[in-house]
1. About the Cα centre of the chain, how large is the charge dipole given +1 on each Lys and Arg Cβ and -1 on each Asp and Glu Cβ? Please answer in debye to the nearest 20.
2. With a 1.4 Å probe and every protein chain left in place, work out the accessible area per residue of the chain in Å², rounded to a whole number.
3. For E7, E30, write out the residues from largest to smallest accessible area, computed with a 1.4 angstrom probe and no ligands counted.
4. Quick check: residue separation of R37 and S15 times 0.36 nm, minus the Cα distance between them. What number comes out in nm?
Amino acid sequence: MNYEKSEKYQKARDSLPESLHQVFRQMIEEYSYHTHRMYGRGYVAYAVLAELVRDGWRPPAGNSPDPS
């Protein structure tokens, strides 16, 4: 995905332990999907989402963005 090339994304991801990188990526994908659907663009504040992951945010089991 394009966001993975972002310096801000990489800095936020690298602030997390490697074991949380996948959770962070999933949160970015879901948040971006919903902001794009609701507002027409997928803006993401990577540092804020990294902090949520660091504080314990985890996706509900079986939850993923609706591709339709």
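1. 140 debye
2. Roughly 73 Å² per residue, with all protein chains present.
3. In descending accessible area the options line up as E7, E30.
4. Stretched fully, the R37-S15 segment lengthens by 5.1 nm.
The values are calculated or read from the model by the stated rules, or taken from the named source; none is laboratory data. Not measured: the values here are computed from a predicted model. Here Cβ is always computed from backbone atoms with ideal geometry, including for glycine, and neighbour counts include all displayed protein chains. When the accessible area is computed, the model is the full protein with side chains, heavy atoms only, and any ligands, DNA or RNA have been set aside. Shrake-Rupley method; radii C 1.70, N 1.55, O 1.52, S 1.80 Å.
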